[in-house]
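A quick write-up on the structure given underneath.
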Amino acid sequence: MNALKKIFGGDIRQFGMIFALVALIVFFQIMTGGITLTPENVISLFNGNSYILILAIGMVLVIIAGHIDLSVGSVAAFVGIAVALAMRDWGFPSWMGVVYGLLLGALVGAWQGFWVAKVGIPAFIVTLAGMLLFRGLNQLLGKSNSVPVPGDFQNIGAGYLPEIGPDTGYNNLTLLLGIVAIVAIVWGELRRRKASIALGAEVEETWVMVTRLVLICGALLYATYLFATGRPGTSFPISGIILAALVLVYGFISSRTVIGRHVYAVGGNKHAAELSGVQAKRVDFLVMMNMSILAGLAGMIFVARSTASGPFDGVGWELDAIAAVFIGGAAVSGGVGTVMGSIVGGLVMAVLNNGLQLLGVGSDWTQIFKGLVLLAAVAFDVYNKSQGKPSIIGLLLKNFQKTPEPQAA
Amino acid sequence: MRMFGKAGKAAAVAAIAALALTGCGRAETGSAASGGASGATGFAKDSLIGVALPQKTSENWVLAEKLFNDGLSGAGFKADVQFANGGVSDQQNQITSMITKGAKVIVVGAIDGSQLGTQLKQAKDAGAVVIAYDRLVKNTNAVDYYVAYDNFKVGELQGQALLDGMKAKKPSGPYNVELFAGSPDDANAKVFFDGAMSVLQPKIDDGTLKVVSGQKTFEQAVTQGWKAENAQKRMDTILAGNYGSATLDGVLSPNDTLARAIITSVKAAGKPIPVVTGQDSEVESVKSIMAGEQYSTINKDTRKLVEHAIQMVQDLQSGKTPEINDDKSYNNGVKVVPAFLLPPVIVTKANVGTAYAGDPVLGPITQGK
Amino acid sequence: MSETTTAPTILEMRSITKEFPGVKALSEVNLLVKVGEVHAICGENGAGKSTLMKVLSGVYPFGSYQGDIVYQNEVQQFRDIRASEAAGIVIIHQELALIPELSIMENIFLGNEPTRFGVINWAEARRRSIDLLARVGLAEDPDTPIKEIGVGKQQLVEIAKALNKSVKLLILDEPTAALNENDSQHLLDLLLGLKGKGITSIMISHKLNEIEQISDSITIIRDGKSIETLDVKGDGVDEDRIIRGMVGRSLESRFPDHTPAIGETFFEVKDWTVAHPQVEDRMVCKGSEFFVRRGEIVGFAGLMGAGRTELARSLFGRSYGRYISGHIIKDGKEITLKTVRQAIDHGLGYVTEDRKALGLNLLDDIKTTTVAANLKGVSKHFVVNEDQEFQVAEDYRKSLRTKTPTVEEGVAKLSGGNQQKVVLAKWMFTDPDLLILDEPTRGIDVGAKYEIYGIIQKLAAQGKGVIVISSELPELLGLSDRIYTIFEGSITGVLDKAEADQENLMKLMTAKRQAA
């Protein structure tokens, strides 16, 4: 017990969410007779949830800044149909379709950011309007019909790392990616330790660090193994690579850059931030715009996976993304939350969904369970805070700031 | 343990090596092992059969769930029947879960027939046979069979019933009518509408029928998501805008849920109830027909459809090729899907007693009168 | 109610001990209050005054503390606030418990509505509230919404609310902290009036002059222990005596030694006119002109609402009001400061009067706060160097002697004085030429005040200009080299340290009455 405390830095409950995730996986692995942790299932878990997790990345920034975005599902659907039509009717090649979609997302975001930041209408209202507006535009453009997308575009939602090099019985690129991730983590940890020693800050015992590294690397290695041994033709999905890259980039932006600090500052106390020289309106504008760009990307990934863009794409996504962010420890009042926490929160929901489906539980019960989990996770966090203990997430944040762990396996 | 850098790298390399040595790489079983459509081989009698149904929006789907569960279990299979109340993405994930669990046949009642390509390809790659149930799956070659009622015929029957009903009330035209269609993302909706219009269009052209609102095209007549509230709202608007003095004689409604919503709207507006068609033989609508409100419905007995779908599964299990009766009508954009079509039956107050004679739910209701 | 000297006791708290997980907030505290007196409780922030009052009023219920509360000769076991209120003990907190949208009358009777058959009897309520308002000397219509009257009047409404509950023992926690001189005086007079009617008061306050003025006895609490109880009249108590008890030693001087080294003028403001942000034709600054020299500490005196904060914030990147006209000249050149960012870049810094609402992100830790106004100073290509950030925060922690286990501690957990040091560190790290301090010692106890004065003087000694805005005239007189006075948005005068005293400052601060 003591050892565990040392490895994870203090109270075990601090890591509640990660443990919950691991426990959930183990539970379903046993209950489903071992088909949860098969290459096929893990791959489809990623494929089927990457777009929600991408939304959660944008949403956590919006929520940290003290806003909310209800329009993400509709924006995703709007961008999806616009891109599908551009490729079908205007003959855009796939890469241009993606660029067009991101630009369109930026445009939508600028529109919403304008109303929130410049005019000062609460984001709840602006995006509620956007939810209707962009859903309507989707159905108008698509004439309420589905529009198919070409095969090579489908790769961003349903493609995999290709097979390259000698036949090792594994997907070679996936193996490479896993090893790179592991080396990066080990290297990062050592560098940080060195810096701490140089600053004269407290340093943990060697064995603590080694054990933690072994655990993290072990998990990564196992994930690599799963992804590398899927059915031939499948491996680590392209959407997973996009997600991993976004987690790294946004994790870094939120915790280590000036703009990231400004987002937290505006969410924590807008007046204080403004009187410290932070341009709060610019921050509001940027987080709203960024959210819509990511929503556009999520929409395209979903369309690619579905092979067509439909009139009901993205219905209810905003709620999934918001739930992931709050399970991941963000505060409704703003100023608190992390990218990594939200991803963990999103994965908890995804694993729950997947596991219950594997068990053949209907979607009625699945929704009931998901609702209870959301309530329980946030209640646990609130209880912990009222007890004067640091929030789980606060500590998750701290530890993940130190360990920008790539999602890539 | 002092040289962390080396230790770390060594650990990673060693672990990878261990993986390689144990030789537990992927099994080269090959994906094209058992061809789906040919179904020559068959499979174990207690295999898992997945049934992915859309949202629980009408009584028929709820009934289908029970029938599939009972029927498949009765035949010795393991059944996994799921509703996708969360929308397309929910259904996609349910289908992949069925594949993961090793389903041999997946029966799909699609929410949006064009958005399941990736998942059905996965199913195909994993060696499962895909049967499209009630709604055709489009733009993929990973669908093996289609089982449904003849939907064009349904439309024709509805169109004819509308004409007959109005004629019975008022011997000669012109008649004022309004048109309703189903949800545009359901491939059947257009087929119903086209079937009905094949009967009604000539009458519109010769002036017998007059669509007062002017909303004659499929796009104008759609009811998003097959939702009653949408149909009711549209009817409210049409009545308020066009029927201040004019009388509404008939409404083409694609199904019972919408038919009842339309009747509710007309009643609320204080107008006499026009001739309204329907489909699905829902309990409430059958009662409504007996009470003289809704004019007609279509009996597409869900029991027979499910029965036939299960029959197909049993044929596949024993290695036989399932029976089909149409191999050219249903082109899904990539291939012509072999189909088995069941004939629909029109039901009005005149034949309501006989039409449901054998039905355990509707039978007693109609006989009790 | 005729007894004055040998009055019976109304309340005795005997060896009260209250522990929180890991902290002993109160240890064997004794308090003895006589009927009909005004009893002051003094102590530094965090000494345990508020905790003691929460024990008394039942916020911390019986059983959660050790010791006895004897009230009106009976041992009491209050389970909650309602129980203590039923016994006639009413506490008025620092943050007023009034609802801004409701009327005075509705607030007075909130939770205690006069009813007939379960229906509120508004006629009765109105009659009684008119009576109550007269008793506290508040001439307002009972239907006026609370948000439309000032803090001073709101305080009176709180007292009316207490009187309505037939209070016997009234507890006031920092009642005058947010009030101006006039309102404070009115409140103190009211307390004396209530005393005459036999109502006993316990008052917690940092304002020693007020305590000296109205209280009969003073209990001093330090580090969770009751140190002594002084009889104001009998013991010849003065402010220095109280301070000695509070800090445990005598402070020879309330201000550190400082020899000003004043250079040439480097910052000048001319014809500065600013309109209220909402009310178009109301000017909050009217053609203000002033200057600051290097190494100089300039005081700004004015009554509450005179426009001191408005002037400071409008200069600081127009963060308040609407700019009408005016020029800012710095180092001989005219500069335009349209945003806070520009103001900071031009070497201005502003420490707000409202630390919690405007100055701090209470979710942040010390190191993040320290660098918040100058992230450029610890970042390269927009990426924050966390090692450097830690180092900067650590340096300021040491040089300002901030009391905290580590710079990774949340600022919310710090005492007021230490929070103010972190805010000062934040602005010192921007290396400003001119630092504007708005009420820099509000809510800060005596010991920490002394340290903050020292920091201000050190900044001046480095050649920076410092503007200090304060409601406490002794503070301005002790600290400033020159003092401007403001009245209703206009600068009404300027006095050198040598010629300024409370009397002539007060005259200039109420200039209109002089002129009239």
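All of the numbers you see were taken from the coordinates with simple rules; none came from a lab. Everything numeric here is computed off the predicted structure, so don't read it as measured data. Note that each Cβ is placed from the backbone with ideal geometry, even for glycine, and that neighbours are counted across all protein chains shown.
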(request) Provide the percentage of antiparallel DSSP beta bridges, counting only those with both residues in the protein assembly as shown; round to the nearest 5. (result) 50 percent
(request) Excluding residues fewer than 8 places away in the same chain, name every one of the lysines whose C-alpha is closer than 16 Å to that of C:Lys449. (result) C:Lys207, C:Lys403, C:Lys421, C:Lys458
(request) Run through every distinct alpha carbon pair of region A:79-234 and return the Kirkwood hydrodynamic radius in angstroms, one decimal place. (result) 20.5 Å
(request) Could you run the Karplus curve 6.51 cos²θ - 1.76 cosθ + 1.60 with θ = phi - 60° over region B:319-331 and give me ³J(HN,Hα) per residue in whole Hz, x for Gly and Pro? (result) x, 7, 8, x, 6, 10, 10, 8, 10, 9, 6, 9, 8
(request) Past 23 Å, Cα to Cα, is the threshold; run A:Lys143/B:Lys216; B:Lys227/B:Lys304; A:Lys143/B:Lys267 against it and keep the listed order. (result) B:Lys227/B:Lys304; A:Lys143/B:Lys267
(request) Using only the Cα atoms of chain B, each taken as one equal point scatterer with no solvent, compute I(q) by the Debye sum, divide by I(0), and report log10 of the ratio at q = 0.10 Å⁻¹. (result) -0.67
(request) Using packing as a proxy for protection, rank A:58-66, C:109-117 so that the peptide with the highest average count of other Cβ atoms within 10 Å comes first. (result) A:58-66, C:109-117
(message) Within region B:101-193, count lysine pairs with alpha carbon atoms under 18 angstrom apart where the residues are 8 or more positions apart or belong to different chains.
(response) 8
(request) Would you pull out the residues with amide H under 5 Å of B:Val129's amide H, same chain only if 5 or more places away, H placed 1.01 Å from N? (result) B:Val105, B:Ile106
(request) Taking just the C-alpha trace of region C:98-166, give me its Rg and Dmax in Å. (result) 11.1, 36
(request) Set the Förster distance to 56 Å, then compute FRET efficiency between A:Ile259 and C:Ala134 from the Cβ-Cβ distance, nearest 0.05. (result) 0.45
(message) Eigenvalues of the Cα gyration tensor times 5, then square-rooted: what semi-axes does that give for region C:363-428, in whole angstrom, largest first?
(response) 20, 11, 10
(message) I'd like the Karplus ³J(HN,Hα) series for region A:61-77: coefficients 6.51, -1.76, 1.60, θ = phi - 60°, whole numbers in Hz, and an x wherever there's a Gly or Pro.
(response) 5, 4, 6, 4, 6, x, 10, 8, 10, 8, 9, 4, x, 5, 5, 4, 5
(message) So if I place +1 on the C-beta of Lys and Arg and -1 on the C-beta of Asp and Glu, and nothing else carries charge, what would the dipole magnitude of the protein assembly as shown be about its Cα centre? I want it in debye, nearest 20.
(response) 1680 debye
(message) So, R0 is 41 Å and r is the distance between the beta-carbons of A:Leu128 and C:Lys413; what FRET efficiency does that work out to, to 0.05?
(response) 0.60
(request) Send over the Kirkwood Rh of the protein assembly as shown, from the inverse of the averaged 1/r over different Cα pairs, rounded to one decimal Å. (result) 36.6 Å
(message) Below 20 Å, Cα to Cα, which lysines can C:Lys165 reach? Residues fewer than 8 away in the same chain don't count.
(response) C:Lys54, C:Lys153, C:Lys195, C:Lys197
(message) Can you tell me which aspartates and glutamates have their Cα less than 14 Å from the Cα of C:Lys34? Leave out same-chain residues fewer than eight positions away.
(response) C:Glu3, C:Glu12, C:Asp216, C:Asp231
(request) Would you please give the residues with an amide H less than 5 Å from that of C:Ile436, counting only those at least 5 places away or on a separate chain, with H modeled from the backbone geometry? (result) C:Gly349, C:Tyr350, C:Val351, C:Ile467
(message) I'd like the FRET efficiency for A:Ile30 and B:Glu307, computed as 1/(1 + (r/R0)^6) with the beta carbon distance as r and R0 of 35 Å, rounded to 0.05.
(response) 0.40
(request) List, in order, the whole-Hz ³J(HN,Hα) value for each residue of region C:287-293 obtained from phi through the Karplus relation with A = 6.51, B = -1.76, C = 1.60 and θ = phi - 60°; use x for Gly and Pro. (result) x, 6, 9, 7, 9, 10, 9
(request) Multiply the residue gap between A:Leu215 and A:Phe19 by 0.36 nm, knock off their C-alpha separation, and tell me the result in nm, one decimal place. (result) 69.3 nm
(request) Could you check the simple spin-label distance between C:Asp143 and C:Lys356, using points 7 Å along Cα→Cβ, in nm with one decimal? (result) 3.5 nm
(message) I need to check one value: relative contact order of chain B, counting alpha carbon pairs closer than 8 Å and at least 6 residues apart, in percent.
(response) 17 percent
(request) Name the long-range amide H neighbours of C:Gly67: under 5 Å, sequence gap of 5 or more, or other chain; modelled H, no Pro or chain starts. (result) C:Thr17
(request) Please work out how much length the chain gains when fully extended from B:Ile365 to B:Glu323, using 0.36 nm per residue of separation minus the C-alpha to C-alpha distance, in nm with one decimal. (result) 11.7 nm
(request) Answer rounded, prolate or oblate for region B:170-306, using the Cα gyration tensor with square roots of eigenvalues a ≥ b ≥ c: rounded when a/c is under 1.5, else prolate when a/b is larger than b/c, else oblate. (result) rounded
(request) Taking the Cβ of each residue in B:Val154, C:Val392 as the centre, tally the other Cβ atoms inside 10 Å and list the residues starting with the fewest. (result) C:Val392, B:Val154
(request) Starting from the alpha-carbon convex hull of chain C, give the projected area averaged over all orientations, in nm². (result) 27.6 nm²
(message) If you average the alpha carbon positions of region A:324-378 and of region C:354-402, how far apart do those two centres end up, in angstrom?
(response) 34 Å
(request) Obtain the radius of gyration and the Kirkwood radius of region A:161-236 from its C-alpha atoms and give Rg over Rh. (result) 1.16
(message) Can you compute the modelled spin-label distance between A:Val332 and C:Gln77, with each label point 7 Å from Cα toward Cβ, in nm?
(response) 3.8 nm
(message) Quick check on region C:144-300: of the DSSP beta bridges with both residues there, what percent are antiparallel, nearest 5%?
(response) 70 percent
